[in-house]
Amino acid sequence: MERYVLHCDLNNFYASVECLLNPALRDVPLGVCGDPGKRHGVILAKNEIAKRYGIRTGDVVWEARQKAPDLHLVPPHFDVYSGFSKQAFDLYTRYTPSVEPFGADECWLDLTGCVHSFDEAARTADDIRETVKTTLGLTVSVGVSFNKVFAKLGSDLKKPDATTVITPDDFQTKLWPLAANEMIMVGKKTYEKLKKINVFTIGDLAQADSGVLKKLFGVNGLKIRAAAQGRDDEPVRDYNKERDIESVGHGMTAVRDITTLNDAATMVYYLTDLVATRMRKYGVRGSGVHVSMRSFELETLSRQKKLPAPTYSSTEIAQAAIELIRDNWDLTPLRTLTVSVFDLVRAGSGAQVSMFDECRNEKNEKLDLAVDKIREKYGKGSIVRGNLLGSDFLYDKNDGEDFLPFKR
């Protein structure tokens, strides 16, 4: 059966919402910017006028002002964006229950069975664009194709407020001349490696030697080659379907550079406290810890390790994360730290562990559960770790600025 997949991308989402809140911003170069005092002085979103000046998402403020001296900056209002995002996604479910969000402003829709031709799918896409415009006052670009990867590529090809159709008959003509990193599955580092083997375009990738790709990237090399060939059969998830939690993580950009192991450990304890609290809330334990370290130059180093036994103890998780940092960090100043726990199991499930590990886990977990009860009764700030007191690089994590999908 032919698949009909749409990718809907709300144009300049944050900036467009800000223009709805204040119509006077529509005629000026606009950037949505985090608080520079918290080291978040980067452009999170921009309007079409700012784009014409060459301003890109991720530019630091001073770079953006060099391009557009009269750039108008506004702070983000994430609660408002979230409300518009939910309205848009709820609107999409009028057309199909198969609606899979990809960030706050993008999602896939599977119209297979709802429409029976690409012409009909394109008309549906046009109807979605008009409905979003009249209902929410926002514009959306829609890609229509036969899989998720190409549908997303389609939504990127024409902006703003456009429908682009890519079929099994014309995808080679339309997509193969594009740079390989235009595909969602090919990041910056992957593309640099591809160029070294003379793979520059999506067409080059589709025709590349599978053995060479597997040697360079493992099974992912075969996946990106298959995607370039149009052989992507990943399904679109239903919007309201409950999903299993695969990992729990938290990250933070520090107010100042992290330059010592002691400071890194302090941040790790702060992050793992948040992670472990959520794990206990979800009723899961994890046996893998992953740490991501991003430098001021935005170079990222990631490492992970297995734990002796599944746990939701913040102390156990923190100790493993600190060990990863100590063994792999060369003290290059860090801007961002992220700690995640994976290989999750339900808290009540059994796991074979040593008597020593079991006793240590039980002691630490009981302590954390007692802390949970105190905070539930007296508030989040009623009890904190001593090493967090007086730190000059942490801030209250209620601004929602972490894990934003930076897109250029």
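Give me, ordered by chain and number, the residues 5 or more places off residue 33 or on other chains with an amide H under 5 Å from its own placed amide H.
Amide H neighbours of residue 33, under 5 Å, 5+ apart: 44, 74.
For the stretch 137-233, what is Rg from Cα atoms divided by 2.2 N^0.38 Å, rounded to two decimals?
Dividing the Cα radius of gyration by 2.2 N^0.38 Å gives 1.10.
What accessible area per residue, rounded to a whole number of Å², is obtained for the stretch 98-228 using a probe radius of 1.4 Å?
Roughly 45 Å² per residue, with all protein chains present.
What distance in nm separates the simple spin-label points at residue 303 and residue 80, each placed 7 Å from Cα in the Cβ direction?
For the pair residue 303/residue 80, the computed spacing is 4.4 nm.
If each residue of separation counts as 0.36 nm, what is the full-extension length gain between residue 200 and residue 231 once their alpha-carbon separation is subtracted?
9.2 nm
Computed FRET efficiency, Cβ-Cβ of residue 331 and residue 238, R0 51 Å: what is it to the nearest 0.05?
With R0 = 51 Å, the Cβ-Cβ based efficiency is 0.65.
Determine the dipole magnitude for the stretch 141-224: charges of +1 sit on the beta-carbon of Lys and Arg, -1 on that of Asp and Glu, nothing else is charged, the reference point is the Cα centre, and the result goes in debye to the nearest 20.
The dipole magnitude comes to about 440 debye.
Determine ³J(HN,Hα), in whole Hz, for all residues of the stretch 223-231 in sequence, where each value follows from phi through the Karplus function 6.51 cos²θ - 1.76 cosθ + 1.60 and θ = phi - 60°; x replaces Gly and Pro.
Each residue's phi maps through the Karplus curve to give 5, 6, 5, 4, 5, 5, 7, x, 9 Hz.
Can you give the Kirkwood hydrodynamic radius of the stretch 178-225 from its Cα pairs, in Å with one decimal?
10.2
So if I take the alpha carbon set of the stretch 113-160, get Rg, then get Rh from the Kirkwood formula, what is the Rg over Rh ratio?
0.99
Considering only the other residues whose Cβ falls under 12 Å of the Cβ of residue 171, what net charge follows from Lys and Arg at +1 and Asp and Glu at -1?
-1
How would 51, 193 line up by accessible area, probe 1.4 Å, largest first?
193, 51
Given 10 Å bins starting at zero, what is the percent of C-alpha pairs of the stretch 78-118 in each, up to the one with the largest pair distance?
Spelled out bin by bin, the stretch 78-118 gives 29, 48, 19, 4 percent.
How many nm separate the modelled label positions at residue 63 and residue 156, each set 7 Å beyond the Cα in the direction of the Cβ?
With each label point 7 Å from Cα toward Cβ, the separation is 1.8 nm.
Given C-alpha coordinates of the stretch 158-306, what is the ratio Rg to Rh with the Kirkwood estimate of Rh?
Rounded to two decimals, Rg over Rh is 1.06.
Projecting each Cα onto the charge dipole of the stretch 1-129 (Lys/Arg +1, Asp/Glu -1 at the beta carbon, about the Cα centre), which of 64, 128, 93 comes out farthest on the positive side?
64
Give the carbon-plus-sulfur fraction of the accessible surface of the stretch 114-263 in %, rounded to a whole number; probe 1.4 Å, heavy atoms of protein chains only.
47
Using the Cα centre as the reference, give the magnitude of the dipole from point charges on the C-beta atoms of the stretch 194-350 (Lys, Arg: +1; Asp, Glu: -1; all else neutral), rounded to the nearest 20 debye.
Dipole magnitude for the stretch 194-350 comes out near 220 debye.
Can you pull the one-decimal nm distance between simple spin-label points at residue 215 and residue 257, each 7 Å off the Cα toward Cβ?
3.9
Amide H of residue 288: which non-local residues (sequence gap of 5 or more, or other chain) have their own amide H closer than 5 Å, using H built in the peptide plane?
It is 307, 342, by chain and number.
How large, in Å, is the stretch 1-121 by the Kirkwood hydrodynamic radius built from its alpha-carbon pairs?
The answer is 15.9 Å.
The values are calculated or read from the model by the stated rules, or taken from the named source; none is laboratory data. Note that the structure is a prediction, hence the values are computed from the model and not measured. Reconstructed Cβ throughout: ideal geometry from the backbone, glycine too, with neighbour counts over all protein chains shown. SASA here: full protein model, heavy atoms, side chains in, ligands and nucleic acids out. Shrake-Rupley method; radii C 1.70, N 1.55, O 1.52, S 1.80 Å.
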